[in-house]
Amino acid sequence: MNSLSQVAMFQSGTSQFRIREDPHEEAPAYFFYGQSDLEEDLTGLPVSDVQRRQVRTFDSVSVATEGDVVFSLISGTAAIVQASHTGFLLTQNYVVLEPTEGLDSRYLLYLLNEHVDVRRQLRLGQQGSIVIKYTVGQLKKLELPPLPPMERQQAIGELYCNQLRLEALRKRASELETTLVLEHIKEVVQS
């Protein structure tokens, strides 16, 4: 068994309390990466009606790059950053995990989000906490199951990501169908 720290490098997000805002137009502007962005990256479907917070600063900040594996220390969920979120500012609530050559990014998503033993370890680390938040130290200590060959990791990771997208599409279709039926009922009642 390997610990996560043996198969991935970690980069914490920027503390938003240390960012010095600059009102000048020349200052680079960053949108904050949030939970809805993580969900979009996980399913590949945009979340509607998202109001994005933005900050202008000349400070050096941690930003998301397409292909990064990002783990939310708040929700305990990981996603791979899509192109639409490249350049978004990552706060201290997010950690970028850079897998080594022997670990596929999408397989890492599966392990962090679904694997029974890994999820159990994450839950155990939360017991006794008043504010439920995961820590980088806790992530580094996660014991992973033996890694299968890369080909198998890639197959599992691809299947996992495709299933998440399919599930999100089904949910969206169901919500649209419900809206359509309710509108139809409303028309019938009013006539």
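The values are calculated or read from the model by the stated rules, or taken from the named source; none is laboratory data. Everything numeric in this text was worked out from a predicted model, so none of it was measured. All Cβ positions, even for glycine, are placed from backbone atoms using ideal geometry, and neighbour counts span all protein chains on display. Protein only, heavy atoms only, side chains kept; ligands, DNA and RNA dropped before computing areas. Shrake-Rupley method; radii C 1.70, N 1.55, O 1.52, S 1.80 Å.
Per the Debye calculation on the stretch 1-70 with a single equal scatterer at every Cα and no solvent contribution, log₁₀ I(q)/I(0) for q = 0.17, 0.24 Å⁻¹ amounts to -0.81, -1.16. Grab the other residues whose beta carbon is less than 10 angstrom from that of residue 154, score K and R as +1, D and E as -1, and report the net. Counting the neighbours of residue 154, the net charge comes to -1. Using a 1.4 Å probe on the protein chains only, how many percent of the accessible area of the stretch 34-155 belongs to carbon and sulfur? That share works out to 49 percent. Cα-Cα pairs above 23 Å in the stretch 86-191: how many percent? Roughly 52 percent, once rounded to a whole number. Accessible surface area normalised per residue over the stretch 58-188 is 58 Å², counting heavy atoms of protein chains with a 1.4 Å rolling probe. Between residue 124 and residue 16, the contour length at 0.36 nm per residue exceeds the Cα-Cα span by 36.1 nm.
The Stokes-Einstein estimate for the stretch 23-141, based on a Kirkwood radius over Cα pairs and taken at 20 °C with 1.002 mPa s viscosity, is a diffusion coefficient of 139 µm²/s.
With the highest mean first, a sort of the peptides 28-35, 184-191, 108-115 on other beta-carbon atoms found within 10 angstrom per residue produces 108-115, 28-35, 184-191. Placing +1 on each Lys and Arg Cβ and -1 on each Asp and Glu Cβ, with no other charges, gives the stretch 94-164 a dipole about its Cα centre of roughly 420 debye. Computed from label points 7 Å out along Cα-Cβ, the spacing between residue 150 and residue 26 is 4.6 nm.
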